[in-house]
Amino acid sequence: MKLLTLNFLTCAIKTCKTQASSFPLHPKDSELEIIEADMNLPFLKNILPRLMWEELRLICKELGLPDLPPTAPTPNDLVEGGIQEVADGQQPADEQPSQTAKDLHRVLLETCIQEGKLVCGCCGHEYAVKEGVANFLLPGHLV
Amino acid sequence: MAESDAAGTTYEAEHVHEVYEQIASHFSSTRYKPWPIVERFLKEQPNGAIGADVGCGNGKYLAVNKEVFIVGSDRSTNLVTFAKQHKPHDVVVADNLSLPHPPHSFDFAISIAVVHHLSTPARRVEAVKCILDLLRPSQQGVSGSGGRALIYVWALEQKSSRRGWDEGGEQDVMVPWVMTAKKEKAPKKKKQQPRKKGDETIHGGANVENEPEEKKEEQVETQEAKPEGDKTFLRYYHLYRKGELESDIEQAGGSVIESGYEKDNWWAIASLK
């Protein structure tokens, strides 16, 4: 499971979902693996506004990964040499990912939790991650 | 949990979830071609859009657009194992009535051939509501700017299909999935039509075994594959009649943007009201 996915996951229990403390889920006893993925710069730029930066920083800290920068990068930060202005109707120059983009890609799309648990900060329920897949099925009494 | 709801859960566990776990591998091998309207919907999404595929099965719709990021979910651990190969997306095991997503965090959602597996009207409306609740609401003052969901369900009206269902018929049916025994040498004729083998052969009504006419049809279907070696699994379906999906969406607090019929299915694109 990619760390990006944690940006879109919370506790499956309905009463937790509306509580701020249920997001993000906290990784525990995690085994991480780097699974290489193609770099897609436009994609990375486009998902920036969707990232819950503070929460992703916290997850990285909990996983013992290097600190993310204190503030989220801008699209401009992701392009080597910055985004070049292009006149209307002209093809933009081929943009290359900056080191910031490469780092972000590595953290969000290549760093995967293969085994471990995800813990809800609201109810404490633990969801197992096995072979890279988190299981959110709830026991009957919690549905 | 209400009593009828608990009954629904138990019923679906046996007649839907357990069946998919068992037929996962074979089911997955027959599911690879995306339906045109679903494909169009996915390709229309802008680069970097965030989506959910509720009941993603083997993940065949995760292969359509690599410029968006989709979190797929399915109740079947075995099917999710097939779905996890599709990059750059990700998948989790989850129940569609208890989805592990923060409300209103997705640009789009799809749920293809899933909601018809819920066994009571209330549970089907709830399933639709769970999908709609994933969607981003419209920005203030900009109507139609919110996230959109595409939902597909099997239709009761299937005049042209060999299943023989049509308007006025029984809507709650058990649909067999026939798995031919692996050791059997399939007749050549069968090999040329791989998609037919093991695909749906259909019976109306729950008491399939007691309906001689239907039984006769099944024997015709499976004769060549030596039925004694085959295994038949029955899955529960609620067949939607015309207008019913739209009504479920309204009841779930959504509004229908576009809807229609395609190849034995009703579909609708909806947003939050």
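Here are some notes:
- Over 25 Å between alpha carbons, listed pairs A:K2/B:K129; A:K117/B:K43; B:K129/B:K242: A:K2/B:K129; A:K117/B:K43
- Burial ranking of peptide ranges B:151-162, B:65-76 (average Cβ count within 10 Å, highest at the top): B:65-76, B:151-162
- Amide H contacts under 5 Å for B:D172: B:L239, restricted to partners 5 or more places along the chain or on a different chain, H placed in the peptide plane at 1.01 Å from N.
- 10 Å beta-carbon shell around B:Y236, net charge (K/R +1, D/E -1): -2
- The label point for A:L48 and the one for A:C123, both projected 7 Å from the Cα toward the Cβ, are 3.7 nm apart.
- Cross-link pairs beyond the 29 Å C-alpha cut-off, checked among A:K102/B:K87; B:K87/B:K231; A:K61/B:K84; B:K66/B:K159: B:K87/B:K231; B:K66/B:K159
- Local electrostatic count, B:D133, Cβ distance below 13 Å [Lys/Arg +1, Asp/Glu -1]: +4
- Remark: mean inter-chain Cβ contacts per residue of A:52-64 equal 0, using a 10 Å Cβ-Cβ cutoff to other protein chain atoms.
- Computed from label points 7 Å out along Cα-Cβ, the spacing between B:E39 and B:K273 is 3.6 nm.
- Helix-only CD estimate at 222 nm, as mean residue ellipticity for chain A, using -39500 (n - 2.57) per DSSP H run (n ≥ 4): -5500 deg cm²/dmol
- Relative contact order of the range B:37-122: 32 percent, from C-alpha pairs under 8 Å at least 6 residues apart in sequence.
- Label point at A:I35 placed 7 Å out along Cα→Cβ; residues across the range A:1-29 whose backbone nitrogen lies under 16 Å: A:1-7
- Estimated from the Cβ-Cβ distance and a Förster radius of 22 angstrom, the FRET efficiency linking A:Q96 and A:T74 is about 0.85.
- Segments A:17-28, B:234-245 sorted - mean Cβ within 10 Å per residue, highest first: B:234-245, A:17-28
- Its Cα gyration tensor gives the range B:12-128 an equivalent ellipsoid, and the semi-axes of that ellipsoid, as √(5λ) in whole Å with the largest first, are 22, 17, 13.
- Global size of the protein assembly as shown as Cα Rg and Dmax, reported in angstrom: 22.9, 75
- FRET efficiency for B:S247 and A:E131, using Cβ-Cβ distance with R0 set to 35 Å, rounded to 0.05: 0.30
- Among the residues of A:136-143, the average count of other protein chain beta-carbon atoms within 10 Å of the residue beta-carbon is 5.
- Peptide A:113-126 shows a mean partner chain C-beta count of 0 within 10 Å per residue C-beta.
- Each residue of the range B:43-52 is assigned a 3J(HN,Hα), and the resulting list reads 6, 6, 6, x, 3, x, 5, 10, x, 10 Hz, derived from the Karplus form 6.51 cos²θ - 1.76 cosθ + 1.60 (θ = phi - 60°), x at Gly and Pro.
- For the pair B:E14 and B:S138 in one chain, pulling the backbone fully straight at 0.36 nm per residue adds 40.7 nm over the alpha carbon distance.
- Chain lengthening between B:S145 and B:S25 when straightened (0.36 nm per residue, less Cα-Cα): 39.3 nm
- A:Q84 versus A:K28: modelled label distance in nm, points set 7 Å from Cα along the beta carbon direction: 5.2
- Karplus-based coupling profile of the range B:266-272, in residue order and whole Hz: 9, 9, 8, 9, 9, 9, 5, with θ = phi - 60° in 6.51 cos²θ - 1.76 cosθ + 1.60 and x standing for Gly or Pro.
- In degrees, nearest ten, helix A:53-62 long axis to first principal axis of chain A (Cα): 60
- Shown is the FRET efficiency for B:N47 and A:K61, computed with R0 = 41 Å from the Cβ-Cβ distance and rounded to the nearest 0.05: 0.85.
- For chain A, the relative contact order comes to 37 percent (Cα pairs under 8 Å, sequence separation of at least 6).
Values in this text are rule-based calculations from the coordinates and carry no lab data. Values in this document were obtained by computation on a predicted structure and should not be read as measured data. Every residue, glycine among them, receives a Cβ derived from its backbone with ideal geometry; neighbour counts consider all protein chains shown.
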